[in-house]
Amino acid sequence: MNDYLFPRPAGREKSRVRYGLPARNSAGDGFTCVYCHAYVSTHPILSGVENRNHCLFCLWSRHLDLYAAGDRLSACKALMQPVGLTVKATYKKYGPARGELMIIHACSECEKLSINRIAADDDPQTAFNVFEGSFHLETGLQIQLELSDIRVLKRSDHDAVRTSLFGQADRLVEAFFKSNVLEFD
Ligand SMILES: [Zn+2]
Ligand SMILES: [Zn+2]
């Protein structure tokens, strides 16, 4: 094999490459999930998102951002639980509005809520379990979501959520969710 055609990573980099981990100097490295302890690559090519902020296996996140996605300025750092799914509207000039399925995270310490894109390599079954778990949210959290104008997808959205998670690779579906589709800036 003509392996001298490829740059040879040295030292620790070599073993990272051998075990299929992205090299440290590539865009994005990775983190160990504080909740399930799995190693999660943040490489944009694998996740399809720029700022991977949750684990692809358990979907838990950490409260790291303060003002904007990826700023990592929050002092909280506590675990953020995936509590439900919602839909973000995307508009094209022509054709119907489309909805992108998003995960709602709630901080276990300060109760901050955030809405995050589902990454391409997120476990769809875990996301579906989060959806089903959201039928039984505690009242305090339900009120908080309402006050934040976040509409959690409901039982009546079951078929749409299934299709979106398991039926289409790009996770984009026509906006046929029965809940009102959220509008973000
Ligand atoms: Zn995890
Ligand atoms: Zn927090």
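The values are calculated or read from the model by the stated rules, or taken from the named source; none is laboratory data. Everything quoted here is computed from the prediction, not taken from an experiment. Reconstructed Cβ throughout: ideal geometry from the backbone, glycine too, with neighbour counts over all protein chains shown.
Could you tell me how many of the residues in region 121-149 are part of a loop (DSSP other than H, G, I, E, B) and either out of contact with any Phe, Trp or Tyr (no Cβ under 7 Å at 6 or more places or on another chain) or within 16 Å of M80 (Cβ to Cβ) (or both)? Don't jump to the end; show me each part of the working.
From region 121-149, those part of a loop (DSSP other than H, G, I, E, B) are 121-123, 137-138, 148-149; that's our starting set.
Okay, now just the ones that are also either out of contact with any Phe, Trp or Tyr (no Cβ under 7 Å at 6 or more places or on another chain) or within 16 Å of M80 (Cβ to Cβ) (or both), so 121-122, 137-138, 148-149.
Residues that pass the stated criteria total 6.
Looking only at region 98-122, how many residues end up being within 10 Å of the chain's Cα centre (by Cα) and either among the β-branched types (V, I, T) or over 19 Å from A68 (Cα atoms) (or both)? Steps first, answer last, please.
In the first step, residues of region 98-122 are kept if they are within 10 Å of the chain's Cα centre (by Cα); the result is 101-105, 115-122.
So of that shortlist, the ones also either among the β-branched types (V, I, T) or over 19 Å from A68 (Cα atoms) (or both) come out as 101, 103-104, 115, 118, 120-122.
Of the residues in region 98-122, 8 are within 10 Å of the chain's Cα centre (by Cα) and either among the β-branched types (V, I, T) or over 19 Å from A68 (Cα atoms) (or both).
Taking the condition surrounded by fewer than 19 Cβ atoms within 10 Å (Cβ to Cβ), within 13 Å of ligand 1 (Cβ to nearest atom), at pLDDT below 90 and not in a strand (DSSP E or B), does D71 pass? Before the answer, list the steps.
Working: surrounded by fewer than 19 Cβ atoms within 10 Å (Cβ to Cβ): yes; within 13 Å of ligand 1 (Cβ to nearest atom): no; at pLDDT below 90: yes; not in a strand (DSSP E or B): yes.
It is false that D71 is surrounded by fewer than 19 Cβ atoms within 10 Å (Cβ to Cβ), within 13 Å of ligand 1 (Cβ to nearest atom), at pLDDT below 90 and not in a strand (DSSP E or B).
Identify all residues within region 36-55 that are touching a strand residue (DSSP E or B) at 6+ places or on another chain (Cβ under 6 Å) and either within 10 Å of ligand 1 (Cβ to nearest atom) or not β-branched (V, I, T) (or both); write none if there are none. So that I can check it myself, show each step before the final result.
Narrowing region 36-55 to residues touching a strand residue (DSSP E or B) at 6+ places or on another chain (Cβ under 6 Å): 39-42, 49, 53-55.
Selection gives Y39, V40, S41, N53, H54, C55.
Show the residue pairs meeting these rules: Cβ distance below 7 Å; 6+ apart or different chains; first residue within region 36-47 and more than 16 Å from ligand 2 (Cβ to nearest atom); second residue outside any loop (DSSP other than H, G, I, E, B) and not small (G, A, S).
Y39/T32; V40/F31; T42/F31
Six or more apart or on different chains, Cβ under 7 Å: which pairs go from a residue in region 130-142 that's surrounded by 14 or more Cβ atoms within 10 Å (Cβ to Cβ) to one that's part of a helix (DSSP H, G or I) and of a type in the set (A, V, I, L, M)? Could you list them?
The qualifying pairs are F131/V161.
Does region 153-179 hold any residues that are modelled with pLDDT of 55 or more, exposed (fewer than 12 other Cβ atoms within 10 Å of the Cβ) and assigned to a loop (DSSP other than H, G, I, E, B), and which are they?
Answer for region 153-179, where residues must be modelled with pLDDT of 55 or more, exposed (fewer than 12 other Cβ atoms within 10 Å of the Cβ) and assigned to a loop (DSSP other than H, G, I, E, B): just Q168.
Restrict the check to region 13-32 and report whether at least one residue is modelled with pLDDT of 80 or more, in a loop (DSSP other than H, G, I, E, B), surrounded by 12 or more Cβ atoms within 10 Å (Cβ to Cβ) and away from ligand 2 (no atom under 16 Å from the Cβ).
Within region 13-32, the subset modelled with pLDDT of 80 or more is 30-32.
From what is left, the residues that are in a loop (DSSP other than H, G, I, E, B) are none.
No, region 13-32 has no match at all.
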